[in-house]
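Comments concern the structure below.
The values are calculated or read from the model by the stated rules, or taken from the named source; none is laboratory data. Note that the coordinates shown come from a computational prediction; the quantities given were computed from them, not determined experimentally. Ideal geometry is used to build each Cβ from the backbone, glycine not excepted, and the neighbour counts take in all protein chains shown. Only protein heavy atoms, including side chains, enter the accessible area calculation; ligands, DNA and RNA are left aside. Shrake-Rupley method; radii C 1.70, N 1.55, O 1.52, S 1.80 Å.
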Amino acid sequence: MKINRVEKSRIDSVDFENLTFGKIFTDHMFISKHKNGEWSSGEIKPYENISISPSSRALHYGQAIFEGMKCFKSEQDELFLFRPEENFKRFNKSSIRLAIPEIQEDIFFNGLKELLKIDSEWVKKGIGNALYIRPFVFASEPSINASEANEYTFMIICSPSKSYYGDMEISVKIEEKYSRAAKGGVGYAKAAGNYAAAFYPTKLAIEQGFQQIIWTDSNNHNAIEEAGTMNLFFVIGDKLITSPTSDSILDGITRKSIIELAKFHNIDVLEREITIDEILKEYKSGNLKEIFGSGTAVVVLPIKSFGHRDQLYTLSSEKSSVSSFLKEKLNNIQYNISNEFKNWKFKIN
Ligand SMILES: *Cc1c(COP(=O)(O)O)cnc(C)c1O
């Protein structure tokens with residue numbers, strides 16, 4: 001692999017205490033191109049603007065997908081990824097749905113590992129600190145013919161991050177008009193256009209005082225799907241409930257890890273449909289204890305209130321919650337503090 005290093009790192013100009021999510025990028029990036037049916041082995045070069053044709057299909061038809069993963073630094077200065085094979089598998093699953101050629105595992109992982117080694121100083125220690133990694137692929141063939149492209153660009157860029165919403169709890173709006181994804185659609189893929197389509201309804205929700213939307217099924221707007229880029233969990237009585245994944249719900253790696261962790265710690269977990277009607281009923285009877293989101297960016301994020309039609313429903317926040325218990329267990333694995341689930345840890349060396 002060709003490696004072209006920066007002459008001087010930008011790291012000294014970065015205020016790691018005050019990071020806005022996704023604004024600052026590390027010194028280097030990885031890039032590989034797909035031409036004549038093949039991916040190149042790729043190269044690492046300084047993070048910089050790239051040149052693309054104005055007729056690149058990604059710009060017109062959104063033939064593009066991405067992943068989101070994190071690298072953590074332990075107190076012993078070792079770097080760990082969390083279940084990266086799952087991100088790799090989902091990357092190709094998303095690609096297939098968007099008619100993008102799959103990338104080989106060795107190109108993906110060699111690029112990723114080399115990049116992390118070169119930019120390892122950008123990964124800071126301490127719970128909450130991480131390097132957010134964004135692999136993505138887009139149709140770069142210059143042509144506005146509305147069909148799958150013949151040329152693609154794969155890249156990995158990295159951005160130092162604190163946890164997404166800090167220690168905040170958020171308020172969410174249950175959406176009954178707009179839909180994120182439909183049966184047979186691309187909701188299960190991290191397709192670029194899914195996020196663009198969510199911006200407008202989310203903007204309206206923010207204007208109404210919420211931070212995110214809870215999406216409901218596109219047919220009846222009654223079954224709960226997910227929120228923003230998070231899967232959702234509900235604590236009802238002593239049970240932890242989450243919707244099953246489907247072609248309209250993204251199969252989150254944090255979600256499936258939380259399910260396994262909860263089961264391991266003898267928490268009752270149910271993967272079944274959960275509706276607005278049930279949530280309102282359980283809220284009114286006092287059985288709805290917690291709602292939280294899960295995703296790489298936030299890890300676990302408590303939801304303190306939700307809006308449905310003209311009503312705002314607020315949950316009482318208790319210190320010892322299922323969400324804080326699971327968040328700590330997960331963090332301890334990610335930062336290599338605990339010995340649980342050793343096979344989820346991927347050491348960079
Ligand atoms: C990425 C994402 C998630 C969370 O997936 P993780 O693998 O846990 O990061 C959930 N929902 C949507 C729509 C997403 O894009």
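Odds and ends about this structure:
- Percent of Cα pairs exceeding the 30 Å cut-off, where the set is the chain: 39 percent
- Expected 222 nm ellipticity per residue - DSSP helices of 4 or more, -39500 (n - 2.57), all of the chain, to 500: -7500 deg cm²/dmol
- The phi-based Karplus calculation (6.51 cos²θ - 1.76 cosθ + 1.60; θ = phi - 60°) puts the 3J(HN,Hα) values of the range 272-283 at 7, 4, 9, 10, 4, 3, 5, 4, 5, 4, 5, 4 Hz, whole numbers, x for Gly and Pro.
- If you run the Gaussian network model on the chain, springs between alpha carbon atoms under 10 Å, then out of G193, G111, G209 the most flexible one is G209.
- Efficiency of FRET between E48 and D106 - r from beta-carbon atoms, R0 25 angstrom, step 0.05: 0.50
- Split the accessible area of the chain by element, probe 1.4 Å, and carbon with sulfur accounts for 48%.
- Per residue accessible area of the chain, 1.4 Å probe, in Å²: 47 Å²
- ³J(HN,Hα), Karplus 6.51/-1.76/1.60, whole Hz, each residue of the range 181-195, x for Gly, Pro: 8, 10, 4, x, x, 10, x, 6, 9, 8, 8, 3, x, 4, 7
- As a calculated quantity, the FRET efficiency between Y200 and Q76 at R0 = 41 Å, using C-beta atoms, amounts to about 0.35.
- Given R0 = 51 Å, the distance between the Cβ atoms of N332 and N145 translates into a calculated FRET efficiency of 0.50.
- Whichever lysines have a C-alpha closer than 23 Å to that of K304, once near sequence neighbours (fewer than 8 apart) are set aside: K162, K173, K177, K203, K239, K256, K281, K284, K289, K319, K327, K329
- Only Lys, Arg, Asp and Glu carry charge here, each on its Cβ (+1 for the first two, -1 for the last two); on that basis the range 2-162 has a dipole of about 280 debye about its Cα centre.
- What separates the Cα centres of the range 237-257 and the range 1-57 is a distance of 33 Å.
- Sparse-neighbour loop sites [trypsin sites (Lys or Arg not before Pro); the range 124-221; at most 13 other C-beta within 10 Å; DSSP]: K177, K183
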